[in-house]
1. Within region 147-160, is even one residue in contact (Cβ under 8 Å) with a residue 40 or more places away in the chain, open to solvent by 70 Å² or more (accessible area, probe 1.4 Å) and on the phi > 0 side of the Ramachandran plot?
2. Within region 120-130, does at least one residue satisfy the condition of being among the β-branched types (Val, Ile, Thr) and under 18 Å from residue 189 (Cβ atoms)?
3. Keeping to region 103-137, report how many residues are open to solvent by 60 Å² or more (accessible area, probe 1.4 Å), among the acidic types (Asp, Glu) and modelled with pLDDT of 95 or more.
4. Taking only region 165-217 into account, find how many residues are within 27 Å of residue 96 (Cβ to Cβ) and among the acidic types (Asp, Glu).
5. Give me the pairs, please: first residue somewhere in region 110-137 and among the hydrophobic types (A, V, I, L, M, F, W, C), second residue anywhere and open to solvent by 70 Å² or more (accessible area, probe 1.4 Å) and assigned to a helix (DSSP H, G or I), beta-carbon distance under 8 Å, and either six or more positions apart or on two chains.
6. Need the failing condition index for residue 67 against (1) open to solvent by 10 Å² or more (accessible area, probe 1.4 Å); (2) within 24 Å of residue 196 (Cα to Cα); (3) among the polar types (S, T, N, Q), just the number.
7. Give just the number: which of (1) at pLDDT 95 or above; (2) of a type in the set (A, V, I, L, M); (3) in contact with a strand residue (DSSP E or B) (Cβ under 9 Å, 6 or more places away or on another chain) does residue 171 not satisfy?
8. Output the qualifying pairs, or none if there are none: Cβ atoms under 9 angstrom, residues six or more apart or on different chains, first residue in region 85-104 and of a type in the set (Lys, Arg), second residue buried (at least 20 other Cβ atoms within 10 Å of the Cβ).
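The values are calculated or read from the model by the stated rules, or taken from the named source; none is laboratory data. None of these values were measured; they are calculated from a predicted model. Backbone-built Cβ (ideal geometry, glycine too); neighbour counts: all protein chains shown. The area values use the complete protein model at the heavy-atom level, side chains included, leaving out ligands, DNA and RNA. Shrake-Rupley method; radii C 1.70, N 1.55, O 1.52, S 1.80 Å.
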Amino acid sequence: MWATMTTERRPLVGSRVYGMIWLAVAVGLAVTGCGAGQRPTGTPDRGAEPEATADQSPPGAVAERFQLTDQQGRPFDSAGLAGKVWMGSIFFANCPGPCFRENQAIADIIREIDDPEFVAVSLTCDPDNDTPEVLEHYAARFEADPDHWKFLTGDMEVIKRVGMETFKLPVEVGVHSERGVVFDRQGRMRGSYHLLQEDRVQRLKKLIRDVLAEDSP
């Protein structure tokens, strides 16, 4: 199309070019997420997730056990979550925007749902940079209690497996979803909601409370 344009149609071409430039900018803004212009670059999850992760859902299969390292450098075994209600999420510490807002929402949820049977589990998708020391410093920004909010790092293959197979969310280095995924006391997924949308966060809080109110296995 561009090769056939002539000078006689210059005003129309200019208009089209101008429109195309703004369209490209808009698309770029839509797909650029955490840490734009930095390494790694995150992407938002809008339209990127399978239908299975949408909102509330019937109990799924029991989550597969995984082992990583927490912000205090201690081994973390997901078997320790048995009998608790927990919420998984994905982030990375170098993200200046969406990840910070995502974790602010989680901090708000933890403050509001002050229950020892509820645990937040946040996996970094940049484990080469997010060492336990980095995560401990990052967690301190949210006054995170390490007993109730785990920031986890470790082998990227394990993180990808947990993200995609357990959380049912997209994850690569610096690429992640901004959803919180809720699991019941049996380790079954019960639903997920976007953490950057206030109405969804309110639904997420309700789901957590509802699952907490269920009888223990």
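1. no
2. Checked region 120-130: at least one residue is among the β-branched types (Val, Ile, Thr) and under 18 Å from residue 189 (Cβ atoms).
3. 5
4. Residues flagged as within 27 Å of residue 96 (Cβ to Cβ) and among the acidic types (Asp, Glu) within region 165-217 amount to 4.
5. Correct list of pairs: 113/209.
6. (2)
7. Against the list (1) at pLDDT 95 or above; (2) of a type in the set (A, V, I, L, M); (3) in contact with a strand residue (DSSP E or B) (Cβ under 9 Å, 6 or more places away or on another chain), residue 171 comes up short only on (1).
8. Listed pairs, sorted by first residue: 101/178; 101/195.
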